[in-house]
Amino acid sequence: MLRKFIREPLVHFLGGALLIFAFFWATGSSRDPAGYTISIDETDIARLRSDWVRNFRRAPTQTELDSLIDQEIAEEVYYREALRLGLDKNDPMIRRRLFTKMRFVDGQKVDNVAPTDAMLQQWMDKDPDKYALSPLYDFEQIYLGQISAAEAGERIDQLNAGAGSGTFAQSISLPETLKQASTEDIGRQFGDRFAGQLKGLETGIWSGPVTSGFGAHAVRITAKEPGKAASLDDVRQRVVNEWRAAQQAEQKEKALGRYRAQYEITVAGRP
Amino acid sequence: MRKSLMWAACTAALALSGCSKIDNDNDNSAEVTNTEYPEQVYWGDTHLHTDNSIDAFGFGNRLDAENALRFARGEEVTASKGAKAKLSRPLDFLVIADHSDAMGATKAIMEAPRIALLTNKFLLRWHDMMNESDEGSLRVTAELIDGAAKGTLPASLTDPEESKERTADLWEKHGKTVDQYNEPGKFTAFMGFEYTSMPDGDNLHRVVMFRDGPKEMGDTLPYGALGLQDPEKLWAYMAAYEEKTSGKVLAIPHNSNVSNGRMFAMNKFDGSPIDAAYVKTRALREPIVEITQIKGDSETHPFLSPNDEFADFGVAGWDKCNLSCTKDMPPESYGGSYVREALKRGLELTLSVGANPFKFGMIGSTDSHTSLSTADENNFFGKHSGNEANNEGRAMHPQNLGTREGRFGWHYLSSGYAAVWATSNTREAIFDAMMRREVYATTGPRMQVRFFGGFDFAPEDIQNLVTTGYAKGVPMGGDLSGGDGEAPKFLISALMDPESASLDRIQVIKGWVDATGKSQEKIYNVSWSKSDTRKLGTDGKLSPVPNTVDLTKGTWDNATGAPELVTYWQDPDFDAAQNAFYYVRVLEIPTPTWPVYDALKFSLTLPDNVIKIQQERAYSSPIWYTPAA
């Protein structure tokens, strides 16, 4: 019985009508674009009036208000006739407009969940390298000047053979020693190219030449603390920001994905 | 009705985000230790536009404040036109400075339900044009800038009362984002906006930046310029803000080069002569100016400084007409348009009015409208989203602002950044350094410049330049007085940017007022590379550093310049009775401009008139000398 009732076209029709009615009721609009009744009620008139006031800074006269109402009616009539003729189809502006609206509505569902520490930790664990704390270096550095790698290499050999650092040092206002310096700290002063070369150097001896924009350097690493994974508290603010940004991007993606799943999409030349 | 539905949705959304528990209050209160004196220079951009600026959005920018902050912090983002964008090195701080006038309006017009605009034919037309195509969007933006210049924008865009609600919502959301990315000690995000005063298209723009966070700022809203074009009105707003909140705020004039002589005019906005009250307020509110940026360089002009062979940097394309190109700018107007001349005028006014309204330090910033703070020649994302890095014709495209006057894409500079000697990377320390003018400008490269003045320095003090500099003198931005008739001495150093080019020379630029009351200028070459072979001529000029740029590869040879220049210098022409200022200009060796990198990337042939080689530079804030009373 129930099954038969559900299949009944009249029920479908009434159900559909009820939905449409519910929509217009819920959205406060008394206008059904499919119908032939247009009633301009008090709220509509109030809106027309207040829009006028906003533009012209005075209340409309009765004549002006009447013409606003007539305009409103004319627009509504043409709007519905246009819909009946299907003029909303294939109109790039309407298409774009509806796209933007849907994006906006979907965008509002995102956001606003407070992440727990466990969620953030899980997020960090997905890409530990990204949040890893840099190795920390203690090192000495001698600036050898703008000389060739071969020349610099010879000088470094002499340093290792016991030559005093003063023999070759060129004057420059860069620190001669750094302690507990992260790759970022080192990059700030010597450039990223220099910082990137420390990784491969042996501890305890003069190595190089390490090249920077300034020229050639001899470097002696005296201690190295390897990089390690960050604790959440070390990088909390960054993690929260990136977690939130990723959530938003993902939700957007997901929303599109859900809709897309209902479509069979073929593109010429695409497998 | 549909309108009210949308409003309801928006309100609900706002309410929700207002309830969000994601805030970083705990982290923001983390203690950061200040160093005893500024040990580090912090790099930033005080002038970045996002999609909340009416013109930026109109030009196609779809990146919001969050993307701008992530990019400045060193993250990779996707630019509005699809290219991947990442800085080679992160910045330390950022001021998002969207136009306060009609903030967020183009975005709102484009995204508004059409019915909400039906009664406003002006906005409706724009809405339709923007939704129709990118070209339509560009046309709207051109009309907006034009309308702003002519004062013909509709009231619903410009009247602060009309737009208050929209601005308040947007500003609250913006504040939240800025706070989320402000990490004391690591990265500083400032609250700010741009006051876009533009009488008849003459540029009187200022960036306004706050020392305080959104919480301290309370219900303070950005101050619009339309209808309130007199900068004294802005200063009154700033005074009222400080009064009300006990906070601090400063303003940074920029693009004086297209102000048609009005930025540093010798009279007030209404034409009346500058008086003591004006001088005091201006000096208090505007401690620094933006001397270089995308729309040209404002240091000086060959017309004003005929003896300065480097005066033409960043001048081409910007010196013929004002910002909107609605008025030609005769050379006679340049005096009020360029910074060096303003510093000189300041000395003259010190004598005639008793104080100096133009006693400012110098910074650079981008004024980029792409949400991307780029100032590296090989990683330049353009002025606005219409000419981002993947637009191969951008160097040769005529620009909408004054096409008939011959402004083309290549006239844009990939410039500049603000360098700040601060005691920590926090809002407070960076802001305070700007107030005391311990800042300098660069056209992009991050060279480290130190400049100290005093009467007690000796030549050997360059060995411990920084500690001695602070102990026995004043840093850039400071004041000297007294000296018992002895000429001031200076300790100056410039360390090249290890990721950019080596250095050609350091110059000291001196301005003073002579016995007749007229201001003068002189340029001293004080330190240069290869000093064993390059000698000063009798006229004080130095032979140019060799040009080693290979245009077919975009490379140069750092061996022709110096990695570092350090010097002690004493003014040889000093007269203790004359007011004077001294600032430092550091020049890199010649390097390629951004169109060269575009040409290599896209296999283009650039016409002869395109500037392909330049010497990037830094400008320090001045040190002023005042005779003892």
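Once you charge only the Cβ atoms, +1 for Lys and Arg and -1 for Asp and Glu, what is the size of the charge dipole of the protein assembly as shown about its Cα centre, to the nearest 20 debye?
2160 debye
Which residues in the stretch B:324-346 place their backbone N less than 12 Å from a point set 7 Å from the Cα of B:F303 along the Cα-to-Cβ direction?
The answer is B:328-338, whose backbone nitrogens lie closer than 12 Å to the label point.
Give the shape of the stretch B:224-381 as rounded, prolate or oblate, defined through the alpha-carbon gyration tensor: a ≥ b ≥ c are the square roots of its eigenvalues, a/c under 1.5 means rounded, and otherwise the shape is prolate if a/b is larger than b/c and oblate if not.
Because a/c hits 1.5 or more and a/b fails to exceed b/c, the stretch B:224-381 counts as oblate.
Need one number: % antiparallel among DSSP beta bridges in chain B, to the nearest 5.
If we restrict to bridges inside chain B, about 80 percent are antiparallel.
Hey, if you put +1 on the Cβ of every Lys and Arg and -1 on every Asp and Glu Cβ in the protein assembly as shown, which of B:T196, A:S212, B:H301 ends up farthest toward the positive end of that dipole?
B:T196
Say R0 is 35 Å: what FRET efficiency, to the nearest 0.05, do B:A487 and B:K541 get from their beta-carbon distance? Please list the in-between numbers first.
Details: r = 22 Å, r/R0 = 0.63.
Efficiency computed from Cβ-Cβ geometry: 0.95.
Over the protein assembly as shown, what is the percentage of antiparallel beta bridges among all DSSP beta bridges, to the nearest 5? Before the final figure, lay out each step's value.
On the way: 92 of 109 bridges.
Given both bridge residues lie in the protein assembly as shown, the antiparallel proportion sits at roughly 85 percent.
For chain A, list the DSSP H helices whose alpha carbon atoms reach 24 Å or more along the long axis and whose average Kyte-Doolittle value is -1.0 or above?
A:9-26, A:62-84
Could you derive backbone 3J(HN,Hα) for the stretch B:315-332 from the dihedral phi with the Karplus parameters 6.51, -1.76 and 1.60 (θ = phi - 60°), listing whole Hz in sequence and x where the residue is Gly or Pro?
Going residue by residue, I get 9, 4, x, 10, 9, 8, 9, 6, 3, 8, 6, 8, 9, 6, 10, x, x, 4 Hz, with x marking Gly and Pro.
Which FRET efficiency, nearest 0.05, do A:E76 and A:F99 yield, Cβ-Cβ r, R0 22 Å?
After rounding, the FRET efficiency stands at 0.35.
To make sure I understand, if each residue's beta carbon is the centre and we count other beta carbons within 10 Å, what order do B:I96, B:I492, A:I265, B:I274 fall in, fewest to most?
So the residues, fewest neighbours to most, are A:I265, B:I274, B:I492, B:I96.
What's the center-to-center distance, using Cα atoms, between the stretch A:130-144 and the stretch A:161-231 in Å?
What the calculation gives is 6 Å, centre to centre.
Starting from the 7 Å offset along Cα-to-Cβ, what nm value, one decimal, do you get for the label separation of B:E161 and A:Y259?
4.1 nm
If you take the Cα Rg of the stretch B:298-362 and divide it by 2.2 N^0.38 Å, with N the number of residues, what do you get?
Against the empirical 2.2 N^0.38 Å value, I get 1.21 for the stretch B:298-362.
Compute the orientation-averaged projected area for chain A from the convex hull of its Cα atoms and round it to one decimal in nm².
Its Cα hull, projected and averaged over all orientations, spans 31.0 nm².
Under 16 Å Cα-Cα from B:K320, which lysines qualify once same-chain neighbours fewer than 8 residues away are excluded?
Straight-line reach from B:K320, under 16 Å: B:K295.
Between their Cα atoms, which of B:K164/B:K215; B:K344/B:K530; B:K233/B:K344; B:K107/B:K327 are more than 21 Å away from each other?
Check vs 21 Å cut-off fails for B:K344/B:K530; B:K233/B:K344; B:K107/B:K327.
Membrane-span-like helices in chain B: DSSP H runs reaching 18 Å or more (Cα, own axis), mean Kyte hydropathy at least -1.0?
Helix filter hits for chain B: B:2-19, B:134-150, B:231-245, B:339-353.
Using DSSP to define loop residues, name the chymotrypsin sites (Phe, Trp or Tyr not before Pro) in the stretch B:555-604 whose beta-carbon has at most 13 other beta-carbon atoms within 10 Å. Mind showing how you got there, number by number?
Working: sites: B:W556, B:Y568, B:W569, B:F574, B:F581, B:Y582, B:Y583, B:Y597, B:F602; in loops: B:W556, B:F574.
Here no chymotrypsin sites (Phe, Trp or Tyr not before Pro) fit, given the DSSP loop and packing criteria.
Report the Rg/Rh value for the stretch A:134-225, based on alpha-carbon coordinates and the Kirkwood definition of Rh. Can you show the working numbers first?
Numbers: Rg = 11.9 Å, Rh = 12.9 Å.
Rg/Rh for the stretch A:134-225 comes to 0.93.
Testing the spin-label approximation: label points 7 Å from Cα along Cα→Cβ at B:F269 and B:D134. State their distance in nm.
Going by the 7 Å Cα→Cβ label model, 3.8 nm.
Would chain B count as rounded, prolate or oblate if I go by the C-alpha gyration tensor, calling it rounded below 1.5 in a/c and otherwise prolate when a/b exceeds b/c, oblate otherwise?
Working: a/c = 1.59, a/b = 1.44, b/c = 1.11.
Here chain B falls in the prolate category.
If you average the alpha carbon positions of the stretch A:246-271 and of the stretch B:445-463, how far apart do those two centres end up, in angstrom?
61 Å
Using the Cα atoms of the protein assembly as shown, I'd like the radius of gyration and the largest Cα-Cα distance, Dmax, both in angstrom.
30.5, 112
Just how many % of Cα pairs in the stretch B:447-626 lie over 20 Å apart, if you round to the nearest whole percent?
Distances greater than 20 Å cover 58 percent of the Cα pairs.
Along the charge dipole of the stretch B:35-435, which of B:L228, B:S333, B:L157 sits closest to the positive end, that is, farthest toward it, with unit charges on the beta carbon of Lys, Arg, Asp and Glu (+1, +1, -1, -1)?
B:L157
Given R₀ = 22 Å, what would the calculated FRET efficiency be for B:D608 paired with B:T555, taking r from the Cβ atoms and rounding to 0.05?
Once the sixth-power term is evaluated, E becomes 0.55.
Report the percentage of all Cα-Cα pairs in the stretch A:31-89 whose separation exceeds 19 Å, rounded to a whole percent.
Result: 38 percent of Cα pairs exceed 19 Å.
On full extension of the chain, what length is gained from B:A277 through B:S246, given 0.36 nm per residue of separation minus the C-alpha to C-alpha distance?
Using 0.36 nm per residue and subtracting the Cα-Cα distance, I get 9.0 nm.
In nm, to one decimal, how far is the A:D88 label point from the A:T43 one, both placed 7 Å along Cα→Cβ?
2.0 nm
When the label point is put 7 Å from the Cα of B:K472 along its Cα-to-beta-carbon vector, which residues of the stretch B:534-569 have a backbone N closer than 12 Å?
Within reach of a label on B:K472, which here means backbone N under 12 Å from a point 7 Å along Cα→Cβ, the stretch B:534-569 contributes B:568-569.
Bear in mind these aren't lab numbers, they're just calculated from the coordinates by the rules spelled out. If you're wondering where the values come from, they're calculated on a predicted model, not measured in any experiment. A quick note on method: Cβ atoms are made from the backbone with ideal geometry, for glycine too, and the neighbour counts reach across all protein chains shown.
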